[in-house]
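Notes follow once the structure below has been shown.
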Amino acid sequence: MTMPLPVLKCLDARIPKWNFDALNERVCPFCGNGNAPMLVRPDQLPVAFCDTCGCWYVANVPHESELSRIYDSYFSTHRPTTLSAHLGISMIKNALEASQSDWQLQILSRALGGLNNKYIVDVGCGVGRFLVMAKAQGADVVGCDLSPEACEFAQNHLGIVVHCKTLQECAPSVGRVDAVIMRDLIEHPLEPMATVEAAYEMLKPGGCLLIHTPNGGGGGDRSCDSALEWVGFRVDLEHLQYLSPQTINWLSQKHNMRIERLEAFGFPGLKGIEKLPSFANKSSKAVHLIKQVAGKIPGMRETAKILRTIKNEITGDKPRDSRLGSSHLFAILRRT
C-alpha cells in the first residue's frame, strides 16, 4: 500500500489557484533525471529531490499560460508596487550611494575588475534596482523581464533598455556581455537549464554569471526530515525549483565554469507573509512623506541613527545583519 505524501501547512497567504486538470509532469529541470515526489506544497503541487544535481523541483507544473498570468501583473497584484515617476526619480538620485553599500554589486565589481564600461544584462530585472546601481558605477546595462509594467517603468523612468522577453529570446539583440545577473530568477522558469545555457553563451571569456536564489540546501535531501520544516517550500509558491550548493557545483562542472564565490546568507522575509499583499495605505504613505521631509533637514539622518543606536542599547535589540543566516544562495561563476 502506497503511503500518501505529506502535505505542508500553509504559511504564505498568496496561494495560486492552479488548474489541476492541466498539470504537466516533468523530470529534473537541470539534469533530466526522473524522481518520485516526496512532499506536497500548500498549493497542492508535488515536489521531488534529484540526487544527481542536488535540486528540489516541482514535479507536476502548471501550464505556461498560468505562470504568464502571474508575471503579467506581478507588480500590481502579486507584489504590489507603486511604479510612479517619483519612485524613478528617487532610485536615480540614490543610485550611487546605494551601489556603494550593496555587497553583491561590490563583489561583482571586484570579480570584473571594476564596473566602468562593463556590459551587464540583468535577467528578471524587475523594476531595475540592480541595473540603476550598476549604471551609477559606470556600467553599460540592459535588462529583460516578463512583467510588462516593470519593463515600461524601467524604460520610461530610469532610461534603461529592458526587453519584455526571456533571456533566450533577447540574446541575439543583447549580444556578448561581461556579466549576466540572475537575482531571484532561476527559481522561476519552467526550463531553467535553457536560461543558464543562454547566459553561458552570452558571456565573454572571463565573464561572470551572478546567481542569487533561495537555498534549497535548507531542505536537505531525500534522507532528511528537514524538507518538511523548511520554510522555502511554504512561501513564494510561484517558485518551481530550489537550487542547493550541490546544484551550483553541478552547473559549474557542466559548463566548465569556475566558482569564484559561493555562500549562503540571509533570513527569509516572512513579515506579513500570512496576509494578502496590498498597496501602501494612507498611514504608511504619511510615514514615507515624513521621512522624505526629515531627510532634507541637515543632521536629521545622523541624529536618527544615533537615537536608534541608543534605543538598541537600552532594549538589547540588535539590528539584523542581512548577511547572517542561510535562507539564500549567492554565487558567482566565471566562464573560463
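Annotation note: Cβ proximity below 6 Å between a residue of the stretch 254-281 that is modelled with pLDDT under 90 and open to solvent by 60 Å² or more (accessible area, probe 1.4 Å) and a residue that is in a loop (DSSP other than H, G, I, E, B) and of a type in the set (K, R) (sequence gap 6+ or interchain) occurs for no pair.
Reported count of residues in the stretch 155-209, each being open to solvent by 20 Å² or more (accessible area, probe 1.4 Å), closer than 30 Å to S90 by Cα and in contact with a strand residue (DSSP E or B) (Cβ under 8 Å, 6 or more places away or on another chain), is 11. Please determine whether any residue of the stretch 13-30 is assigned to a strand (DSSP E or B), more than 24 Å from W230 (Cα to Cα) and more than 21 Å from the chain's Cα centre (by Cα). Checking the stretch 13-30: at least one residue is assigned to a strand (DSSP E or B), more than 24 Å from W230 (Cα to Cα) and more than 21 Å from the chain's Cα centre (by Cα).
Take the conditions (1) exposed (fewer than 15 other Cβ atoms within 10 Å of the Cβ); (2) farther than 27 Å from A13 by Cα; C53 misses just one of them, which is (1). Taking Q106 as meeting all but one of (1) within 30 Å of L45 (Cβ to Cβ); (2) part of a helix (DSSP H, G or I); (3) without any contact (Cβ under 8 Å) to a residue 60 or more places away in the chain, write down the number of the exception. Just one mismatch for Q106, condition (1). Taken over the stretch 119-140, the criterion of being touching a helix residue (DSSP H, G or I) at 6+ places or on another chain (Cβ under 6 Å), more than 19 Å from C170 (Cα to Cα) and not in a helix (DSSP H, G or I) is satisfied by Q137 alone. Within the stretch 229-249, restricting attention to residues that are open to solvent by 50 Å² or more (accessible area, probe 1.4 Å) and modelled with pLDDT of 95 or more, the residue that is farthest from M193 (Cα to Cα) is R234. Open to solvent by less than 10 Å² (accessible area, probe 1.4 Å), within 15 Å of the chain's Cα centre (by Cα) and at negative phi, is that true of A150? Judged against the criteria, A150 is a match. Among the residues of the stretch 1-36, those identified as under 30 Å from S252 (Cβ atoms) and open to solvent by 50 Å² or more (accessible area, probe 1.4 Å) are N24, E25, V27, N33, G34, A36. Scanning the stretch 92-116 for residues that are more than 23 Å from R335 (Cβ to Cβ) and either open to solvent by less than 20 Å² (accessible area, probe 1.4 Å) or touching a Pro at 6+ places or on another chain (Cβ under 9 Å) (or both) gives A95, S99. Listed by first and then second residue, the pairs with beta-carbon distance under 7 Å, at least 6 apart or on different chains, first residue in the stretch 62-75 and over 11 Å from L23 (Cα atoms) and surrounded by 15 or more Cβ atoms within 10 Å (Cβ to Cβ), second modelled with pLDDT under 90 and not basic (K, R), are I70/H78; F75/T81.
When the residues of the stretch 117-142 are filtered to those that are of a type in the set (D, E, K, R) and either over 21 Å from the mean Cα position of the chain (by Cα) or surrounded by fewer than 20 Cβ atoms within 10 Å (Cβ to Cβ) (or both), which remaining residue is farthest from I160 (Cα to Cα)?
Of everything passing the filter in the stretch 117-142, K118 is farthest from I160 (Cα to Cα).
For first residues located in the stretch 146-158 and touching a residue at least 40 places away in the same chain (Cβ under 8 Å), partners that are assigned to a helix (DSSP H, G or I) and surrounded by 23 or more Cβ atoms within 10 Å (Cβ to Cβ) and lie 6+ apart or on another chain with Cβ distances below 7 Å form the pairs L158/V132. Within the stretch 28-48, is there a residue that is without any contact (Cβ under 8 Å) to a residue 24 or more places away in the chain and acidic (D, E)? The answer is no, given that none of the residues of the stretch 28-48 is without any contact (Cβ under 8 Å) to a residue 24 or more places away in the chain and acidic (D, E).
The values are calculated or read from the model by the stated rules, or taken from the named source; none is laboratory data. Worth saying up front: this structure is predicted, and the values here are computed from it rather than measured. Every residue, glycine as well, gets a Cβ built from its backbone with ideal geometry; the counts of neighbours run over all protein chains shown. Remember, those area values only see protein heavy atoms, side chains included, never the ligands or the DNA or RNA. Shrake-Rupley method; radii C 1.70, N 1.55, O 1.52, S 1.80 Å.
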